[in-house]
Amino acid sequence: MSAQDTTGTILVNHWQRGVPVYREPVITRTLLFFAALAALGLGLAVVRFFSPLGPLSGMNDAYAWGIWKTFNVMTLTALGSGPLAVGMAAWVFNRQKLHVIMRTALVTGFLFYATGLLALGFDVGRAWNFWHVLLPWHWNTHSAMLEVAVCMPLYCAVFLAFENLPLVLERLYYTGGDATRATLRGAAPFLRRIYPFVITGAYVLPLMHQSSLGGLLLLAGDKIHPLWQTPFLPLLYLMAAGVAGLGFVTFVLLIACLRYARPLDLGDLGELGNLLSWVCFGFLAVRFGDLAWRGQLGAAFAFDKMSVLFLVETALILVPAVMLRSRAARETPRTLIHMATLACLGGLCYRFVPTTVAFNPGRHASYFPALPEVLMTLGYLALGVAAFGLAVKYFAVLPAETEEWNYMFRRVRRGRPAAA
Amino acid sequence: MNTGITRRQALLGIVGVGGTVAAAVAAPAAASEHPAHPEAPPGAVAMLYDSTICTGCKACMVACSEANGLPPDTSLSAGLWHMPLDLNAKTKNIIKLYQEPQGPGFAFVKRQCMHCLDPACVTGCPFGALEKNQWGAVTWTGSRCIGCRYCEVACPFEVPKFEWDQWNPKIVKCEFCFDQRLKQNQEPACTAVCPTGAVVFGTRMDLLAKAKERIAASPSKYFENRVYGEHEAGGTQVLYLSSVPFDKIGLPKLGSTSLGHYATKVTSVIYKWLSGPILVAGLLGALIKRNWNRHEAERPEHERKTGFPEQL
């Protein structure tokens with residue numbers, strides 16, 4: 001098959017398994033662009049390690065958290081919650097057909113978490129004291145920050161990494177020699193035995209820290225506008241992770257399949273759209289229920305600056321919720337990608353606004369990220385994009401039909417597909 | 001395909017039920033750790049600052065810098081003298097002037113850490129760098145601080161400051177002269193040096209009574225006839241009397257519930273002894289294992305049909 005055969009003709013297909021992208025050059029201009037941006041950001045991060053925070057950022061004592069925390073960590077890990085959202089559907093609620101999508105979710109999720117944690121490492125002022133995390137008797141268990149500090153690195157480095165391990169081992173198996181194959185064949189039953197137990201942790205932990213990210217904002221109290229400050233922040237942050245996570249997996253699948261001329265499986269994508277719609281409705285139900293309970297519905301429709309922001313954010317989630325109820329809409333790739341994009345933006349908006357626009361410490365202070373700060377944020381993001389571009393070519397990430405499965409793992413050195 | 005309950009699922013179920021029981025037992029205990037309206041422990045020290053007595057001599061600022069070894073903030077005085085605009089990384093204590101926009105009225109205000117009874121900074125600090133120490137002083141231990149600046153986000157009084165220009169930045173805030181003077185049975189430098197008695201040191205109980213006596217003695221003198229800090233954010237160990245509205249001299253309008261109570265009333269129940277996570281793990285684990293078993297049962301058939309090994 002090739003792009004010419006499929007574009008515009010046969011869109012319905014049946015994704016069976018992850019298959020590496022082959023017959024495509026690895027080094028492309030796009031990759032070089034993102035790699036350069038990542039190198040710039042990481043270079044600045046190194047500078048940041050030897051420099052105080054002040055000269056490289058726009059943060060101040062009133063706005064003590066800048067975009068590294070509020071965007072790279074608190075916002076972008078919502079996009080990285082695909083493994084949680086899709087995994088819950090696939091493994092907990094037994095939506096069998098979504099298993100084939102898991103790898104795309106896992107790789108993107110891992111990259112968002114890893115780059116977010118990288119951002120966090122260069123954001124904190126005294127990173128060298130982080131070793132206290134290893135001593136539970138030094139933990140302040142009342143702190144949502146502690147929960148995030150323990151749970152997020154643990155999830156990314158252990159559970160998410162474990163879920164991504166089969167991709168790596170599979171590549172080693174098909175590209176390795178007989179000894180490697182024998183070892184891996186021996187290890188496989190053990191991995192399968194512990195797999196269901198380990199992935200249980202991979203769902204419990206993000207439920208904890210994605211809600212704790214919202215829990216962080218509770219202590220800020222009146223500094224956060226009443227449309228956003230609510231005891232339901234932890235639940236809403238978690239549900240926004242569901243919205244953005246499902247939205248982003250849909251988005252990235254469509255984008256990547258269009259880019260690499262992969263046939264789409266509209267049954268699977270439609271299922272994602274269906275789930276996305278329900279999660280959006282669930283989010284909105286809690287959001288409006290909370291506003292009604294706290295008597296803030298008037299403020300929500302006051303049409304002042306904050307009200308308009310709230311309405312935009314709500315519309316971004318309401319439109320996909322309603323539109324994706326129609327089967328025809330969710331099985332039309334163009335509509336699906338538009339709606340997934342809106343849901344991502346809505347989820348991101350909900351996660352970003354209370355930490356920035358709706359955060360008012362009540363003094364004549366303001367915050368706007370400084371140029372190095374922005375470049376570092378973009379650098380971490382670009383690192384993720386570049387790594388994803390490489391991952392889909394070296395590992396069996398993107399879903400495809402069975403017929404495409406030709407053991408086409410490219411070798412690193414030769415740069416072209418290796419025949420089995 | 002085995003759809004019955006396996007030993008493992010039963011075990012997980014038991015763990016889950018145990019978690020629920022633990023949560024139920026723990027709930028009342030957890031709620032008491034951050035009560036909505038905390039009570040000052042006996043022996044809690046305090047400062048009472050009376051804005052109507054303060055002459056704005058700033059002797060307390062000099063004494064504070066000296067006692068804490070802080071460098072002068074000379075950025076606005078061409079390098080000549082200590083002239084901060086607000087609390088900052090070189091200023092733990094400041095006297096500020098409020099001038100009525102129209103009219104002759106003015107008032108001074110002394111700002112420093114309020115030493116809350118249930119401080120938001122202490123609740124939020126992940127590794128306990130900030131803690132409620134002996135006599136209720138809120139102190140900072142550098143070796144525990146990762147520089148996350150959550151204390152700055154949490155503090156309703158905007159007190160903790162971060163050294164943005166340092167490679168190994170400290171959190172700078174009034175610590176009630178805990179190490180410098182309290183431990184040596186001395187009162188804080190600012191109250192010791194105050195020539196007019198505008199700021200005095202004592203136990204919270206005594207100073208609250210003293211403040212209320214002053215209000216009773218001059219019923220029309222003080223704003224709202226009340227002591228700021230008696231109930232604000234659950235109560236603080238620095239108390240204020242003022243003749244001008246508190247929010248005009250920079251003391252924010254706050255509810256009487258402690259932020260720690262607001263932020264932890266739900267999570268302290270869910271996370272007590274990790275009962276909530278264990279319960280969720282039990283439930284999810286049982287479902288995942290059931291679906292995994294189904295998946296594994298169908299695997300050989302699926303592999304035979306496609307001719308390729310199953311992917312995880």
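Numbers at a glance
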quantity: Highest average packing first - A:179-186, B:100-107, A:354-361, Cβ atoms within 10 Å; calculated: A:354-361, A:179-186, B:100-107
quantity: Distance violations [Cα-Cα > 22 Å] among B:96/B:161; B:170/B:253; A:223/B:210; calculated: B:170/B:253; A:223/B:210
quantity: Under the span-like rule (Cα at least 30 Å along the axis, Kyte-Doolittle mean at least 0.5), DSSP H helices of chain A; calculated: A:29-50, A:102-123, A:233-259, A:266-293, A:371-394
quantity: At q = 0.07, 0.08, 0.13, 0.16 Å⁻¹, base-10 log of I(q)/I(0) for chain B (Debye sum, equal scatterers on each alpha carbon); calculated: -0.41, -0.50, -0.95, -1.32
quantity: Neighbour net charge for residue A:269 - beta-carbon separation under 10 angstrom, K R +1, D E -1; calculated: -3
quantity: Relative exposure of B:289, B:272, B:212, judged by other C-beta atoms within 10 Å (fewest first); calculated: B:212, B:289, B:272
quantity: Radius, Kirkwood style, for the protein assembly as shown when every pair of distinct Cα atoms is counted (Å); calculated: 28.1
quantity: Listed residue pairs exceeding 23 Å between alpha carbons, taken from B:212/B:265; B:58/B:90; A:69/B:272; calculated: B:212/B:265; A:69/B:272
quantity: Residue A:192-residue B:224 FRET efficiency (beta carbon distance; Förster radius 45 Å; 0.05 resolution); calculated: 0.05
quantity: Rg(Cα) / (2.2 N^0.38 Å) computed for region B:122-210, rounded to two decimals; calculated: 1.22
quantity: Spin-label pair residue B:66/residue A:131, simplified geometry with 7 Å Cα→Cβ offset, distance in nm; calculated: 4.0
quantity: Protection proxy ranking, peptides A:102-114, B:124-136, B:250-262, average beta carbon neighbours within 10 Å, highest first; calculated: A:102-114, B:124-136, B:250-262
quantity: Förster-model FRET efficiency, 25 Å R0, residue A:172 and residue B:304, C-beta, rounded to 0.05; calculated: 0.50
quantity: Residue A:411 paired with residue A:154, simple spin-label distance in nm, labels 7 Å along Cα-to-beta-carbon; calculated: 4.3
quantity: Approximate shape of region A:120-210 as ellipsoid semi-axes (Cα gyration tensor, √5λ), whole Å, largest first; calculated: 34, 16, 11
quantity: Degrees between helix B:275-306 axis and first principal axis of chain B (Cα, 0 to 90, nearest 10); calculated: 40
quantity: Peptide-level mean, for B:275-286, of C-beta atoms on other protein chains within 10 Å; calculated: 4
quantity: Kirkwood-based Rg to Rh ratio, region A:327-375, C-alpha trace; calculated: 1.24
quantity: Folded to 0 to 90 degrees: helix B:204-217 orientation relative to chain B principal axis, Cα; calculated: 50
quantity: Test item: A:62-70 mean partner chain Cβ contacts at 10 Å; calculated: 3
quantity: Environment charge at residue B:181 (Cβ cut-off 12 Å; Lys +1, Arg +1, Asp -1, Glu -1); calculated: -3
quantity: Peptide B:256-266 - average C-beta neighbours from other chains (10 Å radius); calculated: 4
quantity: Over chain A, relative contact order from alpha-carbon pairs under 8 Å, at least 6 apart, %; calculated: 35
quantity: Per-peptide average of other Cβ atoms within 10 Å, ordering A:343-352, A:386-395 highest first; calculated: A:343-352, A:386-395
quantity: Cys residues of chain B counted as unpaired, since no other Cys beta-carbon is under 4.7 Å; calculated: B:54, B:57, B:64, B:116, B:125, B:145, B:148, B:155, B:177, B:194
quantity: Shape call, region B:249-309: gyration tensor on alpha carbons, a/c limit 1.5; calculated: prolate
quantity: MRE, 222 nm, helices only [DSSP H, n ≥ 4, -39500 (n - 2.57), over chain B, to nearest 500]; calculated: -10500 deg cm²/dmol
quantity: With Cα atoms, 0 to 90° folded angle of helix B:7-31 axis to chain B main axis; calculated: 20
quantity: Convex hull volume per residue for chain A, taking Cα atoms only, in Å³; calculated: 160
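Quick note: the coordinates plus some simple rules give every number you see, no bench work behind them. For clarity, every value in this text was computed on a predicted model and none was experimentally measured. Cβ sites come from the backbone with ideal geometry, for glycine too, and all protein chains shown count toward neighbours.
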